[in-house]
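These notes are about the structure you will find just below.
The values are calculated or read from the model by the stated rules, or taken from the named source; none is laboratory data. Because the structure is predicted, anything quoted here is derived from the model rather than measured. Here Cβ is always computed from backbone atoms with ideal geometry, including for glycine, and neighbour counts include all displayed protein chains.
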Amino acid sequence: MTEANDDQQCQYSPKIIDQSYWNDRWLSGKIGFNRLTINKHFDKHILSKISNIDQQQCVLFPLCGKTVDMKAVLSAGHRVIGIEYVQLGVEAFFEETNIAHEILTDEENKCQIYQGIDRPVTIYCADFLTFNQPLPPIDWIFDRGGFVAVNVSEREQYRDRLLEVMTPKHTRLYLLASCYDESDFHGPPHCVSPEDIDRLFGESCSTKLVEAIDTTIEFNQHNNQKLRRMEEHLHLIIRK
C-alpha cells in the first residue's frame, strides 16, 4: 500500500453525488458527520483564540449542517454565518439551540435566510457553489467537512466561493482534509492530498499544513470501514 503523503495526489474520480444524496442522509438520520462535541481542531486553532479577543469576530461555516461549533462561537460572544443546502440541517440547529429566529426569503437568489433575533447568527439555506449573497468581512472560516464532501469536479468552483469571501492577508481559512489510499475507499469524504491543496490554492494563497493526524482507527469504527490508513490534515490558507 502507498501511504498518504505530501507528494501524493488523489486521482480517483468517484461517482457524482447530487444534493438529493445529502437530503436523503438527513431524512434517514444518517448524519454521523455531525458530531455532538466541539471539533478539537476548531477548539485549538479558532475558538481558543477568539475567546481572548474583545472585538467581535465573524466566523463562517460552509456546509455547516447543525454543527455545535457554531454554538460555541456564539457562547464566546462572536458572530456566526453558516451556509447549508439542506433545510433540515438549518432547522435542527435553531431547534436544538433554542435560538429565536426569523426566516427571510430572497426570491431572486432562491435562498432562505435564517436570522437570529437576539443572537448574532445568520444561516443561509442555499447552495454554496452558487452562493452570491453579500457578507460582512469574514475573520475566520472553518471548513470541517465541506471541501471533502463536494464532487471532485466541483472543487475549483467551491474554492472560488471561498476566495470570494476571504479578505486578503486577513481571513484565516482552516480546512480539514481527509487523505487515504483510494483503492480502500471512494468517499465521501473524498481524498484531498496536500498536493491537491497546493494545486488549487497555491497561486492565490499561502498554504500551511498545520497538523497531520492518523485517524484510521477512529474513522473505521465510526464508519464501519476497513481502511488501512486514514490521515486527517488541517491546512491554514490565507489569501495573498
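Tabulated data
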item: Sole residue being surrounded by 18 or more Cβ atoms within 10 Å (Cβ to Cβ), touching a strand residue (DSSP E or B) at 6+ places or on another chain (Cβ under 6 Å) and closer than 23 Å to TYR21 by Cα, chosen from ILE123, ILE141, ILE81; result: ILE123
item: Residue in segment 145-167 that is under 25 Å from SER51 (Cβ atoms) and assigned to a helix (DSSP H, G or I) present; result: yes
item: Boolean, THR130 is among the hydroxyl-bearing types (Ser, Thr, Tyr) and either surrounded by 14 or more Cβ atoms within 10 Å (Cβ to Cβ) or over 22 Å from ASP24 (Cβ atoms) (or both); result: no
item: Residue tally, condition assigned to a strand (DSSP E or B) and among the basic types (Lys, Arg), over segment 171-199; result: 1
item: Some residue of segment 146-168 being closer than 29 Å to ARG25 by Cα, without any contact (Cβ under 8 Å) to a residue 40 or more places away in the chain, surrounded by fewer than 18 Cβ atoms within 10 Å (Cβ to Cβ) and touching a Ser or Thr at 6+ places or on another chain (Cβ under 9 Å); result: yes
item: Residue count, segment 186-231 (criterion: among the charged types (D, E, K, R), without any contact (Cβ under 8 Å) to a residue 60 or more places away in the chain and in contact with a helix residue (DSSP H, G or I) (Cβ under 8 Å, 6 or more places away or on another chain)); result: 1
item: Selected residue [closer than 27 Å to ASP24 by Cβ and over 19 Å from the mean Cα position of the chain (by Cα)] from ILE117, ILE99, ILE83; result: ILE99
item: Residue list for segment 117-143, restricted to those being touching a Leu at 6+ places or on another chain (Cβ under 8 Å) and aliphatic (A, V, I, L, M); result: VAL121, LEU135, ILE138, ILE141
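Yes/no per residue for (1) within 28 Å of ASN223 (Cα to Cα); (2) among the charged types (D, E, K, R); (3) not in a helix (DSSP H, G or I):
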site	(1), (2), (3)
HIS45	yes, no, no
ILE53	no, no, yes
VAL59	no, no, yes
LEU88	yes, no, no
GLU108	no, yes, yes
TYR124	no, no, yes
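Each row is one residue, and each column tells you yes or no for (1) modelled with pLDDT under 95; (2) not small (Gly, Ala, Ser).
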| site | (1), (2) |
| --- | --- |
| THR2 | yes, yes |
| ASN5 | yes, yes |
| LEU47 | no, yes |
| GLY89 | yes, no |
| ILE103 | no, yes |
| ASP106 | yes, yes |
| TYR114 | no, yes |
